[in-house]
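The values are calculated or read from the model by the stated rules, or taken from the named source; none is laboratory data. Keep in mind that this is a model prediction, so the values were computed, not measured. Cβ: placed from backbone, ideal geometry, glycine included. Neighbour counts: every protein chain shown. When the accessible area is computed, the model is the full protein with side chains, heavy atoms only, and any ligands, DNA or RNA have been set aside. Shrake-Rupley method; radii C 1.70, N 1.55, O 1.52, S 1.80 Å.
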Amino acid sequence: MNRRHFFQSAAAASALANADLPARAARPSRLKLGTQHGDSDDILRAMAAFGVNYICGKLPSDKFDENWTADALKRKREHVGSFGIELEALPLPLSSSYITKSENPNIMLGKSPERDREIDNICQMIRNASAAGIRTLKYNMSILGVVRTRSTRGRGGATYSTWRYAEAPDKNKLTEAGPVSAEQAWERIGYFVNHVMPVAEEYKVRMACHPHDPGMPEPDGYRGVHRVLGSVDGLKKFVALSNSPYHGLNFCQGTVSEMLRRPGEEIYDVIRYFGSRRRIFNVHFRNIKGGFGDFQETFPDNGDVDFIKAARVYKEVGYDGMLMPDHVPTIEGDTGKAQAFAYCFGYIQALIQLVNQEG
């Protein structure tokens, strides 16, 4: 696809999104249990025992090196496959870290020509992933990283990760990125999408972007940064940047719930919006108590969102990707959160079996 045609396509997609036209009809769906734990032998053995047959593997390397060659990625995929598990996705070195810890910081700092070199490397990673048979890459476009305040106690004394904007320190202390307006953030995100998506479409690799966690109030922002992917309207604008079927979301249901005033009522229509448009490529299936600006991250059955209803909506819209646990609570004595994750795997597996067996 040439650049002129790409920009014309992006403009057409924006018009469609703004018009909020009726969604496409759903297709048959088979939800899948997934994980992003990693791909060591110990992890793969445990996942195989749990019936986790699809995974997002570990970041091959935080730089473009020999671990990102097509041959190395193919060996990784085949090794995962030897456990009876499909390597469904991989992360790019565009993590949710704070900007000074980012592997490729210049993309979100908007610094050229440094960002062009970083984007060129990302494009070659896309080509190599395609050659290795890996069909999805996930990424973040973050400056602040994942922001939380003090943890709080939850069910049975478990520790719940918590965000309370009213208690957040240093709200006005600028990050190393300096002030970043909404306009600047969109320019940097759009620049990346415009350069990367023609390559992803040519090589048929889905690009799954994670929302900003959590969203921040406007017009204040947080520490000088405006988190444009921290609202449902922002995510709608993001998916309208390209009409490519390979441009979409690593749909963190927990993060999206954090954007809402009443997630227990509102999240289902948000799933329908993006799911019916085929823009959900992966799901972080976690729950919260609370809502915008004040929430706890909970076990799946202990939050405000009805997970049975949510799973049915994913099936309704034809989503056939992974549902994976994410950000589980901490239990005293539970080394590495192994028991908490095992609980979530079992809960989600049973839920998937229930929903997949329904009409």
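Points 7 angstrom from Cα along the Cβ direction at Thr149 and Glu78: gap in nanometres?
About 5.3 nm, to one decimal.
For the chain, state what percent of all Cα-Cα pairs lands in each successive 10 Å bin, counting from 0 Å until the bin that includes the largest distance.
Here the calculated profile for the chain is 5, 24, 35, 27, 8, 0.
Please work out how much length the chain gains when fully extended from Asp220 to Ala338, using 0.36 nm per residue of separation minus the C-alpha to C-alpha distance, in nm with one decimal.
38.6 nm
With a cap of 10 neighbouring Cβ atoms within 10 Å, and only residues DSSP puts in a loop, list the trypsin sites (Lys or Arg not before Pro) found in region 48-100.
Hits after loop and neighbour filter: nothing returned.
Tell me the carbon and sulfur percent of the accessible area for the chain, rounded to whole percent, probe radius 1.4 Å.
49 percent
Where in the chain is the longest stretch that carries no GluC sites (Glu not before Pro) classed as loop by DSSP and with at most 12 other Cβ atoms within 10 Å?
1-175
Against the empirical 2.2 N^0.38 Å scaling, what ratio does the C-alpha Rg of region 217-359 come to?
1.08
Out of the DSSP beta bridges found with both residues in region 223-359, what percent are antiparallel (nearest 5)?
Given both bridge residues lie in region 223-359, the antiparallel proportion sits at roughly 45 percent.
With N set to the residue count of region 59-146, report its C-alpha Rg divided by 2.2 N^0.38 Å to two decimal places.
Compactness ratio reported: 1.14.
Placing unit charges on C-beta atoms (Lys and Arg positive, Asp and Glu negative, everything else neutral), compute the dipole magnitude of the chain about its Cα centre in debye, rounded to 20.
520 debye
Once Rh is set to the Kirkwood radius over Cα pairs, what Stokes-Einstein translational diffusion coefficient, in µm²/s, holds for region 154-269 at a temperature of 10 °C and a viscosity of 1.306 mPa s?
After rounding, the answer is 100 µm²/s.
Quick check for you: with a 1.4 Å probe and neighbouring chains kept, what is the accessible area per residue of the chain, in Å²?
43 Å²
If the chain between Glu66 and Glu183 were fully stretched, how many nm would it gain, using 0.36 nm times the residue separation less the Cα-Cα distance?
Here the segment from Glu66 to Glu183 would lengthen by 38.5 nm.
Under the 0.36 nm per residue contour assumption, what length would be gained going from the current alpha-carbon distance of Ile308 and Ala350 to full extension?
Gain on stretching Ile308 to Ala350: 14.1 nm.
Using a basic spin-label model with each label point 7 Å from the Cα along Cα→Cβ, how many nm lie between Asp120 and Ala166?
5.2 nm
Write down the percent of antiparallel bridges among all DSSP beta bridges whose residues are both part of the chain, to the nearest 5.
For the chain, the DSSP antiparallel bridge percentage is about 35.
For region 280-342, taking Cα atoms only, what is the radius of gyration to one decimal and the Dmax to the nearest whole Å?
Looking at region 280-342, its Cα Rg and Dmax stand at 13.1, 40 Å.
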